[in-house]
1. Let me see the P(r) profile for the chain: every Cα-Cα distance counted, bins of 5 Å, each bin given as a percent of all pairs.
2. Taking every DSSP beta bridge with both residues inside region 2-92, roughly what % is antiparallel (nearest 5)?
3. Show that you can apply the helix-only estimate: for the chain, add -39,500 (n - 2.57) for every DSSP H stretch of four or more residues, divide by all residues, and state [θ] at 222 nm to the nearest 500.
4. Relative to the first principal axis of the alpha-carbon coordinates of the chain, what is the inclination of helix 57-72, with its axis defined by its Cα atoms, in degrees from 0 to 90 and to the nearest 10?
5. Setting aside same-chain residues fewer than 8 positions from Lys2, which aspartates and glutamates have a Cα under 18 Å from its Cα?
6. Please work out how much length the chain gains when fully extended from Ala72 to Glu91, using 0.36 nm per residue of separation minus the C-alpha to C-alpha distance, in nm with one decimal.
7. Could you rank the peptides 41-51, 69-79 by their average count of other C-beta atoms within 10 Å per residue, with the highest value first?
8. Between Ala82, Val45, Thr93, whose Cα lies farthest towards the positive end of the dipole of the chain when Lys and Arg beta carbons carry +1 and Asp and Glu beta carbons carry -1, centred on the Cα centre?
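Please treat every number below as a calculation from the coordinates, not as lab data. Owing to the predicted nature of the structure, the values given are computational and were not obtained by experimental measurement. Cβ: placed from backbone, ideal geometry, glycine included. Neighbour counts: every protein chain shown.
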Amino acid sequence: MKISTVGGRGTALLVKVAGEVADPLEADGLYDAICLEIRRQASAVEVDLSDVEILTSVGISALLKAKADAEALSCSLSVIAASPIVRRVLEVTDLVEHFGLGPA
């Protein structure tokens, strides 16, 4: 898994993820990368999952936990892009709207 963080749109920061988020170590890495930006007082964090090939339950849990942490600090967290397989996982788990992912 590869994670990069860059300036996003406006005051949002973009966390771009590529590869697999399939085991606890990868999920922890995703959570830590997002929360680092939250702790740096970002007003919004946008997550791009368009290059993610596998997202398992541990990855979903990491995203949910990061979103809850962000909201506790008045920071919004949204998924702005997802690969077809990740989109399908979010659809099946009824999380598309929760993460603010727009139409395909």
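1. 3, 14, 27, 28, 20, 7, 1
2. On the way: 6 of 21 bridges.
About 30 percent, rounded to the nearest 5.
3. -12500 deg cm²/dmol
4. Taking the Cα atoms of the chain, the angle to 57-72 is about 20 degrees.
5. Glu20, Asp23, Glu26, Asp28, Asp32, Glu37, Glu46, Asp48, Asp51, Glu53
6. On the way: separation 19, 0.36 × 19 = 6.84 nm, distance 2.50 nm.
Contour length minus the Cα-Cα distance gives 4.3 nm.
7. Packing proxy ranking, top to bottom: 41-51, 69-79.
8. Projecting each Cα onto the dipole axis, the largest value belongs to Val45.
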